[in-house]
Amino acid sequence: MNYESYKGLKANEDLSIVDFISFGRNGAINKRVEFTPTEMDDIYNLAFGDIDENNNINDYVISNNGDRNKVLATVADIVKAYTEKYPARWVLFEGSTEERTRLYRIAISLNLDYLAESFEIKCIVGGNILQFKKSMVIDAFLIKRKKS
């Protein structure tokens with residue numbers, strides 16, 4: 001992606017939890033990306049959001065910190081590192097709201113040529129897994145590292 005990303009990430013050894021700090025107009029906001037197994041083999045859910053006072057992810061809060069592209073680029077870098085470590089795994093994600101899922105679709109669409117070089121990009125629409133297309137109304141996304 002052609003956006004700057006945050007450095008100084010703090011990850012556990014297996015990369016299942018990665019924390020970083022968003023700096024912007026509302027100050028420093030702690031963020032977390034977490035990968036957890038689903039009931040389906042080799043599919044891991046990506047959860048992302050602000051870290052709340054109980055050290056949990058709040059994926060409904062709107063930070064409005066003025067650094068959306070930098071945050072999304074950081075999450076993309078984390079997914080890249082995770083899928084480099086675990087190339088057989090699919091990463092499943094969706095927005096916590098329809099608006100956020102739409103934002104993710106737009107971000108993927110704007111960077112599709114770049115992302116498609118490294119990732120298989122699928123989507124879930126009405127329970128069906130389809131090849132990602134820019135204009136689709138999407139329920140969730142599935143991505144996996146392409147074999148080199």
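Below is a table of values for the structure above.
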read-out: Reach of Lys146 by Cα under 16 Å, taken over lysines that are not fewer than 8 positions away in the same chain; value: Lys80, Lys85, Lys122
read-out: Counted charge near Asp41, where neighbours are those whose Cβ lies closer than 15 Å (Asp, Glu -1; Lys, Arg +1); value: 0
read-out: Mean Cβ neighbour count within 10 Å, used as a protection proxy, ranking 102-108, 54-60 highest first; value: 102-108, 54-60
read-out: Rounded tilt (10° steps) of 68-85 against the dominant C-alpha axis of the chain; value: 60 degrees
read-out: Under 9 Å, Cβ to Cβ, from Arg32 - net charge with Lys/Arg +1 and Asp/Glu -1; value: -2
read-out: Net charge dipole size for the chain [Lys, Arg +1 and Asp, Glu -1 on Cβ; Debye, nearest 20]; value: 560 debye
read-out: Label-reachable residues, the range 23-56, where backbone N falls under 13 Å from a point 7 Å from Asn64's Cα toward its Cβ; value: 25-27
read-out: Folded to 0 to 90 degrees: helix 98-110 orientation relative to the chain principal axis, Cα; value: 70 degrees
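Here, each number is a calculation from the coordinates, and none is a lab measurement. These numbers were taken from a predicted model, which means no experiment stands behind them. Virtual Cβ from ideal backbone geometry, glycine too; neighbours counted across all protein chains shown.
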